[in-house]
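What follows is a single structure, written as structure tokens, with notes after it.
Read-outs throughout are calculated quantities, based only on the coordinates presented, and are distinct from any laboratory measurement. Just so it is clear, the structure is predicted and the values come from calculations on it, not from any experiment. Note: ideal-geometry Cβ built from the backbone for every residue, glycine included; neighbour counts use all protein chains shown.
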Amino acid sequence: MRTMFVNCLIEQARKDDRVFLITPDMGFSVLEKFRDEFPDRFLNVGIAEQNAVGVAAGLALSGKVVYVYSIIPFITMRCFEQVRMDVAYMRTNVRLVGVGAGFSYGPAGASHHAIEDIAIMRALPNMTVCCPGDPVETRELVRRSFYHEGPMYFRLAKNGEPRIHGEETRIEIGQAVWLREGTDVAVVATSNMLESGKVLTDKWVGQRKSVSFVSMPTIKPLDHGAIDILIQNGTPIVTLEEHNIIGGLGSAVAEVIAESGKGIRFTRVAIPDEFCHVVGSQSFLRKKFKLDDIQYHEVAN
Amino acid sequence: MARDHVANIRQSIIRMTHRSRSSHVGSCLSACDILYVLYFKILNIDPQDHKKPDRDKFILSKAHASAALYATLAERGFFPGEYLDRFYVDDGLLPGHLDMDAVPGVEVSAGSLGHGLSLGVGMALANRQTGNTGRIFVLLGDGECNEGSVWEAIMLASTLRLRNLTAIVDMNKLQGFGRTNAVIDQSNMADRWRSFGWEVQAVDGHNIDDLDRALRGSPKRPRVIIADTIKGKGVCFMEDRLEWHYKSPDDEQCRQALDELERKH
């Protein structure tokens, strides 16, 4: 995902002078290609996230489209008020690009886990929240971001995620992607849980269940239409995300269900509302918090 | 003429804070002479064409002094003076802290301290990179310099040698809950900026000619003007009094203040 992001950025920067990249001293082994090709449009501001976002907003107010790249907690929370005032309030064309979704940096500890970012970013007026789940979704949404007006947040995972979508897939901001249609249960996944959603779907299909599999690469604006279809059909929904159970995809989908006036079976699979005090890799922590261990009878009839 | 404009700006501020019962009149009055010199003598701006691409840009980082900026912009002809009646009131037009959507001439939205200099660094960098001759001016409070983010921006500006960037510190020596140097000792303010790589000039922040001179010239590096000011300047019972960070003039105080400003006029 990181490589796809920077490759898309380079491709656009070759023909588009507005593209600018800022980092608060992150991006070793990822951003060098951009830096070397566009030294005038790359800036390492030092380990100073508040200033990184403020400078980005100043550049954006002067006509640039500015990408600020760092690890998620540092690019969302350390500088949250700069994001609120200088990016969201002023509707500047700043794109916050965070890497390390959920437990991507598992053994590094809770300081580096990204479990609250979707919730806080989606509460900001004007902010578009993109959570791509594979390199194709990353490519599509980054390409759309060049011509999108207003602030955006990108929640990236790391590198090496498998492709879930076909090469030719086209995805718009705010659009859910239907990977499979069925009526027994619907798996709605976002961000780095897309692959798990695929595995789960394949398992249940193997058990002769009729499964809908929907990817939600944009959390805000949420594709209400896709959820409405599932509600109308009375399909039980299970949401998958590597994020706190409060405020992420599950919460966003729950809001749509609650206001529909129709009850359907609904399950949120997410990280419980607690900090992680155990040490382990991403896959170890996923098992620990039961993100990868969902049985059909627990979520559908 | 200078005295006329500056007195008008100060009188507008008294009326605005009186009518709306809002705070920060002292913070506004300390900055009036600086704003006057910028808007009437220094900035390359055109109220009729307020978005012209090569304009100089001014950022009021101490945005709690918004009334001073609104009054100055009205005095300079960016919008009608009647707009000032709609400051900080129901169905108002001008919020207590800055909203760039509200009226022409407000370059950035602001209101939380420690944001403006970073924005200025971004704008100065963009202008240098695109060959735009517009210069960037940022006004900060001395209390505002408590914010760590200000120093992040200071460090980067000198690293980038942004000679099109000028900061002005409105050194009125009072902040929200005490004497500035008693809260955080910044008595060597000029040395601090200098040691971070900026050109520094200290001036009397109420002397029009000194301010005018300091804000001209073409510096080799980013430049800061440390403006020695008096909180509440121009109204004797407000000068150097912490309470006027919060209080608004009542009917009698408003009359007294307007009279005093009229007499000095």
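At-a-glance table
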read-out	value
Karplus 3J(HN,Hα) series, Hz, for the stretch B:12-23 with 6.51 cos²θ - 1.76 cosθ + 1.60 (x for Gly, Pro)	4, 4, 4, 5, 5, 6, 5, 4, 8, 6, 9, 8
Rounded to 5, the percent of DSSP beta bridges in the stretch B:2-264 classed as antiparallel	10
Relative contact order [Cα under 8 Å, 6+ residues apart], chain A, whole percent	16
At 1.306 mPa s and 10 °C, Stokes diffusion of chain A via Kirkwood alpha-carbon radius, µm² per second	82
Kirkwood hydrodynamic radius of the protein assembly as shown, Cα pairs, Å	25.6
Antiparallel bridge percentage (DSSP; both residues within chain A; nearest 5)	15
Summed residue charge, Cβ within 14 Å of A:I171's Cβ, Lys/Arg positive, Asp/Glu negative	-2
Rounded if a/c under 1.5, otherwise prolate or oblate - the stretch B:179-229, Cα gyration tensor axes	oblate
Cα-based Rg and Dmax for chain B, where Dmax is the largest Cα-Cα distance (Å)	17.3, 53
Shape of the stretch A:2-155, Cα gyration tensor, a/c cut at 1.5	rounded
Neighbour-count order for A:V199, A:V94, fewest beta carbons within 10 angstrom listed first	A:V199, A:V94
Per-residue Cβ neighbour rank within 10 angstrom, fewest leading, B:I184, B:I225, A:I10	B:I184, A:I10, B:I225
Paired Rg and Dmax values of the stretch A:177-299, which use every Cα atom, in angstrom	13.9, 43
Rounded to 5, percent antiparallel among DSSP beta bridges of the protein assembly as shown	10
The stretch A:161-216: relative contact order in percent, alpha carbon pairs under 8 Å with at least 6 residues between	47
Shielding by partners, peptide B:247-257 (average Cβ within 10 angstrom, other chains)	0
